[in-house]
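Note sheet for the following structure.
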Amino acid sequence: MKVLRGLSGSIAAGLVVLACVVVGAAMIGARRGFPGPGAESVGWHIAIAAIAVAAQVYSDRNRGAAIFVVAVFVLGAATLLLWTQWWI
């Protein structure tokens, strides 16, 4: 279960980094006058990253089936974000 918790933690951390990159791109785009990610995309990235981190904290503080459920949830949240904001 440590491997599963580590994997979901890595995904949650990656979502935080991705959210920071999107926020930075939006700020640079606004300052330099070129189109960057819109407010909707920034909001989605921040919301999913916050949800994934909160779920990971819950997983780190609990044992048993909660670890598996949270790992699947974090993976699903990351998949949803990447599918809706990057691939479509």
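What the table below lists for this structure:
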item	result
Residue list for region 28-68, restricted to those being of a type in the set (S, T, N, Q) and over 16 Å from S10 (Cα atoms)	S41, N62
Selected residue (criterion: farthest from the chain's Cα centre (by Cα)) from residues of region 16-69 that are charged (D, E, K, R) and within 26 Å of K2 (Cα to Cα)	R63
Neighbours by Cβ (under 6 Å, 6+ apart or cross-chain): first from region 14-32, closer than 21 Å to G76 by Cβ; second open to solvent by 40 Å² or more (accessible area, probe 1.4 Å)	A19/I46; V22/P37
Every residue from region 40-88 that is closer than 16 Å to V21 by Cβ and free of Cβ contacts under 8 Å to residues at least 40 places away in the same chain	V42, G43, I46, A47, I48, A49, A50, L82, W86
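The values are calculated or read from the model by the stated rules, or taken from the named source; none is laboratory data. What you see is a predicted model; the values in this text were computed from it and never measured. We place every Cβ from the backbone using ideal geometry, glycine too, and count neighbours over all the protein chains shown. Accessible surface areas use protein heavy atoms only, side chains included; no ligands, DNA or RNA. Shrake-Rupley method; radii C 1.70, N 1.55, O 1.52, S 1.80 Å.
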